[in-house]
Amino acid sequence: MSEFFPNVPKIQYEGRDSKNPFAFKYYDADRVILGRKMSEHLPFAMAWWHNLCAVGVDMFGSGTTDKTFGAEMGTVEHAKRKVDAAVEFMTKLGIEYYCFHDVDVVPEDPDDINETNRRLDEVTDYILEKTKGTNIKCLWTTCNMFGNPRFMNGAGSTNSADVYCFAAAQLKKALDNAVKLGAKGYVFWGGREGYETLLNTNMALEQENVANLFRMTRDYGRKIGFTGDFYVEPKPKEPMKHQYDFDAATAIGFLRKYGLDKDFKMNIEANHATLAGHTLQHELRVCAVEGMMGSVDANMGDMLLGWDTDQFPTNVYDTTMAMYEIIKAGGLRGGFNFDSKTRRPSNTMEDMFYAYIAGMDTLALGLIKAAEIIEDGRIDRFVAERDASWNTCIGEKIRKHEVTLADCAEYAARMKKPADPGSGHQEYLEGIVNNVLFASK
């Protein structure tokens, strides 16, 4: 079969001074950073839905990009052509992982879930055939339980027990495929697990039903030999007015309430973090503190737009601070999935490669600079010195639970007034980041 991307060579690392659009400037897979290869720090994954399925449709206009790959869209033959294109695309970029929703890889039969499952069997067999002998593998799978009209009131949070069972059927098949493909994880993204108005919503019932669906999925997965992580991907809104997995802290609290935290981690998306009023760095810090660091959807939003724009990550400040959190937490259990799409006018096959090169390079540069911040040591030393009172005298006793409220009050009375807690020196610390980012090497 002829190439789908004949104008694109295999992408190589050429260094920061390269002007070649089909070359990495910062992503050098074998470069060792803090004792690990860059490829080990950055296990990249291709998003099936954006890269192979999205054609530039938005709410104001039809598609601008041809992704037929030489076959009629909506057919099993087209699904197989997407597999062929995916393998070529990933091989040329050196990407080892892919992610997908069930109906990304096959056209869904609108009338019979059994036919959809038969198609999934056929096409996942084809994926195994085409990736045999390569290093390409599945990072995680998930289900599209938000697009079909039956899910208009949610999947796990639906008002209909019949619809709930269809969601369960999709989950069962997805776990079968996760085991078949050797996936490292399964992701729950509750696109419609929430409400439009509380006037028609029994929140307690809906959340209990979502938790039960999680529990049944976990139990089935473990029964059939799925050893990977289950992930929750937080998002505060869109398409619903309010979604139950609002942010990392909310989702983690939900999992702990229902005793699911031992099997679940977080899949954090940068654009979802900003929609929740947080930074990606904040969400990753929450996951690190709570021992829930899982996987990352690598993208970014436009701060002037109030929706999920899913742009490729090109802001080095953001990727540096994200990698700073990830390195200090010991790395990801999952990987970096580019849940990102080219802009609607970026409608050529070459644009797909330009976008991935930019995203991979930006994360690689973020990794390099985060490692330099850590090796520089000034920020860590400042934080340690700022919190030094918690390691001696009364502070140490408080942390060890050796004093009472009355003991603390007595200590305060003896002091009469506390010592100056000291400046936070925020601007000094931000200057250190700039110094590391832009110092010539």
Between exposed GluC sites (Glu not before Pro) in the chain, where DSSP calls loop and at most 12 other Cβ atoms lie within 10 Å, what's the longest gap?
73-401
Considering only protein heavy atoms and a probe of 1.4 Å, how much of the accessible area of the chain is carbon and sulfur, as a whole percent?
53
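Over segment 115-264, what is the percentage of antiparallel beta bridges among all DSSP beta bridges, to the nearest 5? Before the final figure, lay out the partial values.
Working: 2 of 10 bridges.
Percent antiparallel among DSSP bridges in segment 115-264 is about 20.
With an 8 Å Cα cut-off and a minimum separation of 6 or more residues, compute the relative contact order for segment 127-206 in percent.
Numbers: 86 pairs, mean separation 32.5, N = 80.
Rounded, it is 41 percent for segment 127-206.
Assuming 0.36 nm per residue, please report the length gained on full extension of the stretch ASP261 to VAL179 beyond their Cα-Cα distance. List each step's numbers first, then the result.
On the way: separation 82, 0.36 × 82 = 29.52 nm, distance 2.12 nm.
Here the segment from ASP261 to VAL179 would lengthen by 27.4 nm.
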Spherically averaged projected area in nm², based on the convex hull that wraps the Cα atoms of segment 291-441
13.6
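Normalised by the number of residues in segment 259-328, what is the relative contact order in percent for Cα pairs under 8 Å and 6+ residues apart? Each step should come with its number before you reach the end.
On the way: 85 pairs, mean separation 23.3, N = 70.
RCO, segment 259-328: 33 percent.
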Compactness index (Cα Rg / 2.2 N^0.38 Å), segment 254-298:
1.15
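Take the Cβ-Cβ distance between MET216 and ASP111 as r, set R0 to 22 Å, and report the resulting FRET efficiency rounded to the nearest 0.05.
Numbers: r = 26 Å, r/R0 = 1.16.
It comes out at approximately 0.30.
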Charge tally for neighbours of VAL8 with beta carbon under 14 Å away, counting Lys, Arg as +1 and Asp, Glu as -1, is -2
Span from the segment 355-422 Cα centroid across to the segment 174-194 one, whole angstrom:
37
Full-extension gain between TYR354 and LEU437, please, as 0.36 nm times their residue separation minus the C-alpha to C-alpha distance.
27.5 nm
Using only Cα atoms and rounding to the nearest 10 degrees, what angle (0 to 90) does helix 349-376 make with the longest principal axis of the chain?
20
Please report the spacing between the Cα centers of segment 217-285 and segment 49-63 in Å, no decimals.
26
Among the lysines, select those whose C-alpha is under 17 Å from the C-alpha of LYS67, and discard any that sit fewer than 8 residues away in the same chain.
LYS80, LYS82, LYS341
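Based on DSSP H runs of at least 4 residues, each adding -39500 (n - 2.57), what is the mean residue ellipticity at 222 nm of the chain after dividing by all its residues, to the nearest 500 deg cm²/dmol? Don't skip to the answer; put the middle values down first.
Numbers: 15 runs with 194 residues, N = 441.
So the calculated ellipticity at 222 nm is -14000 deg cm²/dmol.
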Using only the alpha-carbon atoms of the chain, report the extent along each of the three principal axes, biggest first, to the nearest angstrom.
81, 58, 43
Linear extension gain, ILE379 paired with ASP420, 0.36 nm per residue minus alpha-carbon span
12.7 nm
Identify, among MET240, PRO418, THR274, the residue whose Cα sits farthest towards the positive end of the charge dipole of the chain, taking +1 on the Cβ of Lys and Arg and -1 on the Cβ of Asp and Glu, with the dipole about the Cα centre.
PRO418
Rounded to the nearest 5, what is the percent of antiparallel bridges among the DSSP beta bridges in the chain?
15
With R₀ set to 22 angstrom, the calculated FRET efficiency between the beta-carbons of SER2 and ASN347, to the nearest 0.05, is 0.55
Segment 114-182: Lys pairs at Cα distance under 19 angstrom, eight or more positions apart or on different chains
5
For the Cα atoms of the chain, what angle does the longest principal axis make with the long axis of helix 161-181, in degrees from 0 to 90, nearest 10?
90
Choose one answer from VAL163, VAL383, VAL32: the residue with the largest mean-square fluctuation in a GNM of the chain with alpha-carbon springs under 10 Å.
VAL383
Separation of the ASP66 and GLU427 label points, Cα + 7 Å toward Cβ, nm
5.7
What residue among PHE69, TRP390, TYR231 has its Cα farthest toward the positive end of the dipole of the chain, where the charges are +1 on Lys, Arg and -1 on Asp, Glu, each on the Cβ?
TRP390
Angle in degrees between helix 113-131 and the longest Cα principal axis of the chain, rounded to the nearest 10:
80
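The values are calculated or read from the model by the stated rules, or taken from the named source; none is laboratory data. What you are looking at is a predicted structure, and each value in this text was computed from that prediction instead of being measured. For neighbour counting, all protein chains shown are included, and Cβ atoms are generated from backbone atoms with ideal geometry for every residue, glycine included. In case anyone asks, the SASA skips ligands and DNA or RNA and just uses the protein heavy atoms, side chains included. Shrake-Rupley method; radii C 1.70, N 1.55, O 1.52, S 1.80 Å.
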